[in-house]
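Have a look at the structure below, then the notes.
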């Protein structure tokens, strides 16, 4: 049988044309084609694998001394019949600030629309089984958050969801980082913030805390404001750090633990809702995952939640678990 291969699809996104940050609208999207794809006419189920903050799909192809690449992982799982042959698409939803949280935002661009547009492109370009029961979305960290949002908001597109250590319960995930941003701003001031947003790579090389950039990036996603000086509202006062309730409420409205009731019907319709988190997660995500599980149970939503003994990083081995669950649950 013909070996698997990775093709790099060059995708010109209309959704990202003229985006506010001037980021490139042409994205390079790796697509995994399983063994035998070139030898027949069969159609294949599709998994959309969403990258974490400050990552894009190409990152999954990296060769690592002690880890499998995504191609090696999928080849092994298919060869051992742990999963069925499938296409795996690895989108690029990165921004100059690092990431988009896969949301539409007036501060960064229309990244929800971008992913939906990409789905249509993949269905036209490759032999995908173009139906929700054979289309899954999964990811880690911000990618897990994005996967969950797509399952909630677009269950007619994605019938299966796997969320690894995705952002939940923002009080514990993001609020601990606000102090880092405030201390950075105390030193750098408005001009320093302006320079960081203009060239984050340079700012990071010069010692700007990555956490400060991440807080600004999250504000651009969760509380955009075209009338604000930087295009977004921060959820705290820059002088004394006090929360701004009207802005924080906008963040909470996009927190999965607060979205269950609104999207309960969509969540019930999923063929698979899988999520997990490490018990030593450095971003406190375990607790949000537990709250999310409680909310799902309260609303009678079938799900699979697993805790494992590890932290937040270098946990791609957990993809073995979710890919098996996806494969077994596909229609």
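Summary of computed values
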| item | result |
| --- | --- |
| Proxy reagent accessibility, fewest Cβ within 10 Å first, across 269, 141 | 269, 141 |
| Residues 270, 116 arranged by fewest to most Cβ contacts within 10 Å | 116, 270 |
| Whole-Å distance, taken between Cα centres, linking region 86-125 and region 188-237 | 22 Å |
| Selected from 151, 179, 109 as most flexible by GNM, with the chain as the system and alpha-carbon contacts under 10 Å | 179 |
| Rounded tilt (10° steps) of 142-153 against the dominant C-alpha axis of the chain | 70 degrees |
| Residue with peak Gaussian network fluctuation, the chain [Cα springs, cutoff 10 Å], from 162, 93, 17 | 17 |
| Among 207, 146, 231: highest mean-square fluctuation, GNM of the chain, C-alpha pairs under 10 Å | 207 |
| Angle between the chain longest axis and helix 70-79 axis [Cα atoms, degrees, rounded to 10] | 30 degrees |
| Ranked list, fewest to most other Cβ atoms within 10 Å of each Cβ, for 205, 76 | 205, 76 |
| Degrees, to the nearest 10: 210-222 long Cα axis against longest axis of the chain | 80 degrees |
| Mean ellipticity per residue at 222 nm, deg cm²/dmol - from DSSP H runs of n ≥ 4 across the chain, formula -39500 (n - 2.57) | -11500 deg cm²/dmol |
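Rule-based calculations on the coordinates, nothing more; no lab input. Every value quoted in this text rests on a predicted model; they were computed, and no experiment measured them. Every residue, glycine among them, receives a Cβ derived from its backbone with ideal geometry; neighbour counts consider all protein chains shown.
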